[in-house]
Amino acid sequence: MNEPATTPTPPFPVAPPTTTVHPSLRGRTVLVTGALGGLGAAIVDAFAVSGASVVVHHIGQRTEAEARVAHLRAAGTSAYAVEADVTDWDSVAAMTDEIREAVGPVDVLVNNAGFMAPGRLADLSLAEWRRTLSVDLDGVFLCCRHVLGPMLARGTGAIVNVSSQLAFKGARDYTSYCAAKAGVAGLTRALAREVGPAIRVNAIAPGPVDTPFITPWATEEWKRERTGDLVIGRLATPEEIAPTVAFLASDDGALFQGQVLHLNGGGVMA
């Protein structure tokens, strides 16, 4: 795998100096889906500071992904970009085959890719309902399904899924998203019982995070409504969320099995 001749350094977010280093992650291959978004990029950085080899997943953003990989390599991180549609069986199978051939089997899977669009149930078409469920729930199933075989054969691995506080508290106009993320929480618990203790499966349930993901509808009124019942009274930043993902995937999180950690500033207290 040849490194590019130039290493552009666009303003990607970088892990803050206070991010904890987890020595057990050094050299492990970590696949982060949806790795170019605000939260995905921060998650990649959280693993990079521990010396992991990161796989940057994207769909239809090859130029951005290659630039991101070049930036990571320039900082001393082993990185590789891969494209796949997480809603398609064959596409995910091809992605995991490509990763295995290029950098080795996946040691850690972070299911971060997601889709969210407002819509009241009374107005939703079946296609709109299925679009959200296909990315946010089917995508988690497919990625888990295609990395689990090699993980089980090796007897080790970690999976961290991204759910949401809305899976537990609900939200007007986001029925499909709430349903999908509740499914992720249930999948996490069931899968942990299926494949533990050798493979650890956990999830996080963030509250609203200040990323481009929410830009299309995040008016000031929307932000006030979403943060009004949070103890912290504000949006979280990706850099506040990402370190917990790395912790759950590391040996430091060995006692966490089938857990959903509520990183939501007090929006849900469990």
Next item on the list: Filter the range 230-246 for residues that are of a type outside the set (A, V, I, L, M) and touching a strand residue (DSSP E or B) at 6+ places or on another chain (Cβ under 9 Å) and give the result.
Entry: THR237, PRO238, GLU240, THR244
Item checked: Leading residue by the ranking (nearest to GLY27 (Cα to Cα)) among those in the range 83-102 that are within 20 Å of the chain's Cα centre (by Cα), surrounded by fewer than 20 Cβ atoms within 10 Å (Cβ to Cβ) and touching a residue at least 40 places away in the same chain (Cβ under 8 Å) -> ARG100
Note to self: I need the full set of residues from the range 26-42 which are over 12 Å from the mean Cα position of the chain (by Cα) and part of a strand (DSSP E or B), in order please.
What the structure shows: THR29
Check: Of all residues in the range 142-161, which are free of Cβ contacts under 8 Å to residues at least 60 places away in the same chain and touching a Gly at 6+ places or on another chain (Cβ under 9 Å)?
Finding: LEU148, PRO150, MET151
Next item on the list: Report whether or not GLN257 is closer than 19 Å to VAL30 by Cα, in contact (Cβ under 8 Å) with a residue 60 or more places away in the chain and of a type in the set (S, T, N, Q).
Entry: yes
Next item on the list: For ALA117, indicate whether it is surrounded by fewer than 19 Cβ atoms within 10 Å (Cβ to Cβ), closer than 20 Å to VAL209 by Cα, among the aliphatic types (A, V, I, L, M) and touching a Lys or Arg at 6+ places or on another chain (Cβ under 8 Å).
Entry: yes
Check: Only one of (1) of a type outside the set (Val, Ile, Thr); (2) surrounded by fewer than 21 Cβ atoms within 10 Å (Cβ to Cβ); (3) in contact (Cβ under 8 Å) with a residue 60 or more places away in the chain is not met by ASN111, so which one is it?
Finding: (2)
Checklist line | Candidate set: the range 53-71, residues that are touching a residue at least 60 places away in the same chain (Cβ under 8 Å) and either within 24 Å of SER91 (Cβ to Cβ) or of a type in the set (A, V, I, L, M, F, W, C) (or both); chosen: the one surrounded by the most Cβ atoms within 10 Å (Cβ to Cβ) | finding: ALA70
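One line per residue, one yes/no per condition, for (1) closer than 21 Å to ASN161 by Cα; (2) among the aromatic types (Phe, Trp, Tyr); (3) modelled with pLDDT of 95 or more:
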| site | (1), (2), (3) |
| --- | --- |
| VAL82 | yes, no, yes |
| GLU98 | no, no, yes |
| PRO118 | no, no, no |
| SER125 | no, no, yes |
| ARG131 | yes, no, yes |
Notebook entry, point to check: Can you tell me which residue in the range 79-101 is nearest to ALA46 (Cα to Cα), limited to those that are in contact with a strand residue (DSSP E or B) (Cβ under 6 Å, 6 or more places away or on another chain) and of a type in the set (Gly, Ala, Ser)?
Noted result: ALA79
Margin query: I'd like to check which strands (runs of 3 or more DSSP E) are fully inside the range 48-113 and have at least 1 residues that are in contact with a Phe, Trp or Tyr (Cβ under 8 Å, 6 or more places away or on another chain).
Written below: 53-58, 108-111
Notebook entry, point to check: Quick check, is VAL147 part of a strand (DSSP E or B) and of a type outside the set (Asp, Glu)?
Noted result: no
Next item on the list: Return yes when ASP45 is assigned to a helix (DSSP H, G or I), of a type in the set (D, E, K, R) and crowded, with 16+ Cβ neighbours inside 10 Å and no when it is not.
Entry: yes
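The values are calculated or read from the model by the stated rules, or taken from the named source; none is laboratory data. Source: prediction; values computed, not measured. Ideal geometry is used to build each Cβ from the backbone, glycine not excepted, and the neighbour counts take in all protein chains shown.
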